Structure formats: C-alpha cells, structure tokens
Amino acid sequence: PLGGPVLGLESSCDETAAAVLAPDGTILAEAVLSQEKEHAIFGGVVPEIAARAHLAAMPGLAAAVLERAGLGYGDLGAVAATSGPGLIGGLIVGASFGKGVAIARGLPFVAVNQLEAHALTARLPGLLPEGAPAFPYLLLLVSGGHCQCVAVEGLGRYRRLGTTLDDAVGEAFDKAAKLMGLPWPGGPHLERLAVGGNAKAVPLPRPLYGRPGCDFSFSGLKTAVARALTQGARHADVAASFQASVAAVLADRAQHALLMVPDATAVVVAGGVAANGAVRAALAGAAASVGVPMLAPPLRLCTDNAVMVAWAGIERLRAGLTDPMDHNPRPRWPL
Ligand code: KG4
C-alpha cells in the first residue's frame, strides 16, 4: 500500500545521493553529490572522510530534492535507504537519516541492498527503449567495488553465479592506471590513453579465460602490467592491451554465465566500468552470441545513485516488504 512518493537515499561509498520517485516509478527529482575531489589526493576513498561528508551533505540534499519535486516530507509515502553492502560509516549516516524521516512522519522504511538495487534498475518503467527485461536475466555488475555475475530470477530471487577472486574490475583499472601515473579514479583516463595505443603490442594474460564457471581474477593482470611498464613498454600500448584483456575476459565470463541461465532474456550491465567502450562492445558481442540484447541503463543510473534505491524500495513495498527500525546496516551483504 503505497500512499505517496518514495524518498531514496544512497551513501554507501563516495557519492551522497537522494531521489524522489512517484509510486509508479516516475522520477520526480534526483541529485548526486560526488566526493571525488575530497578523496582524490589520497588516491582512493577514505572511509572516515566519506562518512563525515555524507553527514554534512545528506539533510540538505534530501531537502533540495524534495523541494525540486515540489513536495515536503509530509507528502511522502515511504523512505528507502541503502543499508549495505558498503562503507559502514556512510551506510549508518544514510540509513539513520532515512529512519529518522520515517519515524517522524510515521512512514514505512525499506533497508535496500545496493546489489539488489543494481539488479532491478533495468525494470524502472520507461527507462530502456527496448523495454524492461522479463525475468530471468543475467546481471553483470562491474564497478570499483564489485565484479559479479548474477542470475536475476525474480524479486528477491538472485543467484550469484560468479565473482572476483581478488580485485574488482574497476579496482584493476584504477591500479593499472596508477602504475601508468594517471590520476585517480583511473578507469576513464586509461580508456583515453588506450585510444592511441596498439592492443596487440604488449602480450598480457587473460586470467581464467575459457575456464568453466564465471569467476574473475585480475591481480595477475595487474602484475603483468607492472612488469611490462618496467621493461619500457609504451604506456598507450600497455593501456590498450590491458583494456583488450579485460574486455575479452569479461565477454568470456559472461558467455559462461549465460550457459548457466539458458533462458535469460537479456544481459544487463551495471557499474562504473560499463562506461568503457571496449567493455560494452565485448559484452554486447557475448549477448548477441546467444541472441539476447545487452541492456545498459544510462550511466548516471548504473553508478551509485538514489533513483535505483527508491525504485528497489517501490518494488519491495509492492511485494509487502518493509524493514523494522532496528535493522542494522551491513558492510557485507551478499544477495
Ligand atoms: O560504479 P562506480 O561509480 O562505483 C564504485 O564502485 O566505486 O564505479 C567506479 C569505477 C572506478 O573504478 C572507475 O575507474 C571505473 O568505474 N570506471 C571506468 C570507466 N569509467 C569509470 N573503468 C574503465 N573505463 C571507463 N571509462
């Protein structure tokens, strides 16, 4: 029973985000504040700085989003906040703020698993020109913190098919970029550098390529990049070769995952690495090989954002699922 719009809150890593969605999923207002500048000088996200920045930003951001939607707290029907997985300090800030609003206004509260939110984003009405994919579909989550293949079989029915044995793929991009002296986060810089490089010039490994299952591993690739650079390889060539290896591995792993979900209707890609052109092309190829489309939500909705959190909240509320006020945020929270 959804009595009004849903406020979504996200604070699991280094973006503070808020969004308001109508009960039918229409986006009424959304905003994301990135803390990238505050962390860049440290070459990565500093949890304590992140938590404090979320605390400073969240109340004002939520109020601004509501105002932009022409609403007040009294108009809301429910509150949904990311409650894991992620950095615990930030999760506590967002979840506590959300519970505060819910208690003050007597509203239902939904503790959202961010991985579930990524899994359900493609179902947001009107989002994809191809239409929302039917269950089951394959989700490839490729970000700075995650690298996994998930069979999305229904609401609350997720089967993790494979995950990374070491680094997440975005982390691998960032570490390889750092070795080349590029600024953090290095993924986009590495992609630009790769444009002028020869992907065949530097032989790099393709970890787990062709192996059964769909786990990932990237640490050996990073070591090989370090070695190639020490031996004097051109940075642009190393960047292009690295990107080609990652793209080939992701496509191979996706193809293996599709064998485990033979009735998949689509391959849905989420996470910051979905911005990479070579990665997208490779995954589109893997999807096409079994005759299904590759669907990628617009980038702002496949990195950290609050629209997907509000939408996951709506899906759960429709199924009658809410959470008690003593629900604790979880830094680790597998699907
Ligand atoms: O989903 P996301 O914004 O959040 C985190 O998981 O933190 O993903 C960020 C990651 C970073 O590692 C970043 O370097 C990577 O996505 N990334 C890219 C590109 N754009 C962002 N990696 C490769 N190519 C890109 N164009």
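Observations, loosely collected:
- Sequence-distant contacts, meaning Cα pairs under 8 Å at least 6 residues apart, place the relative contact order of the range 261-335 at 30 percent.
- With all pairs of different C-alpha atoms in the average, the Kirkwood value for the hydrodynamic radius of the chain is 20.3 Å.
- Computed over the chain: relative contact order in percent, which uses C-alpha pairs under 8 Å that are six or more apart: 24
- Cα centre as origin, Lys/Arg/Asp/Glu Cβ charges: the range 1-101 dipole, Debye: 180
- Mean Cα-pair separation over length for the range 135-296, i.e. relative contact order, pairs under 8 Å, 6 or more apart, %: 28
- Antiparallel content of DSSP bridges confined to the chain, in %, to 5: 60
- Cα lying deepest toward the dipole's positive end in the range 135-296, options 228, 210, 148, charges on Cβ: 228
- Helical contribution to [θ] at 222 nm, DSSP H n ≥ 4, -39,500 (n - 2.57), averaged over the chain, rounded to 500: -13000 deg cm²/dmol
- Of all DSSP beta bridges in the range 135-296, antiparallel share, percent nearest 5: 65
- Dipole of the range 197-300, positive direction: furthest Cα of 291, 198, 254, with charges on the beta-carbon: 198
- Nearby lysines by direct alpha-carbon distance to residue 178 (threshold 28 angstrom, same-chain neighbours under 8 apart not counted): 37, 200, 222
- Beta bridges by DSSP in the range 1-97, antiparallel share as percent, to the nearest 5: 75
- Each Cα pair of the range 135-296 feeds into the Kirkwood radius, which the Stokes-Einstein equation turns, at 20 °C and 1.002 mPa s, into a diffusion coefficient of 137 µm²/s.
- If only the Cβ of Lys and Arg carry +1 and only the Cβ of Asp and Glu carry -1, the dipole of the chain around its Cα centre is close to 640 debye.
- A Förster radius of 56 Å, combined with the Cβ-Cβ distance separating residue 289 from residue 42, puts the computed FRET efficiency at roughly 0.85.
- In this simple spin-label model, placing a label point 7 Å from the Cα along the Cα-to-Cβ direction at both residue 259 and residue 209 gives a separation of 1.7 nm.
- Förster radius 41 Å - calculated FRET efficiency between residue 56 and residue 165, Cβ distance, rounded to 0.05: 0.65
- Annotation: for a label point projected 7 angstrom from Cα along Cα→Cβ of residue 134, residues of the range 281-311 with backbone N closer than 20 Å are 287-296.
- Charge sum, other residues only, whose C-beta stays under 13 Å from residue 197's C-beta, Lys/Arg counted +1 and Asp/Glu -1: +1
No value in this document is a laboratory result; all are computed from the given coordinates. Since we're looking at a predicted model, the values are computed, not measured. All Cβ positions, even for glycine, are placed from backbone atoms using ideal geometry, and neighbour counts span all protein chains on display.
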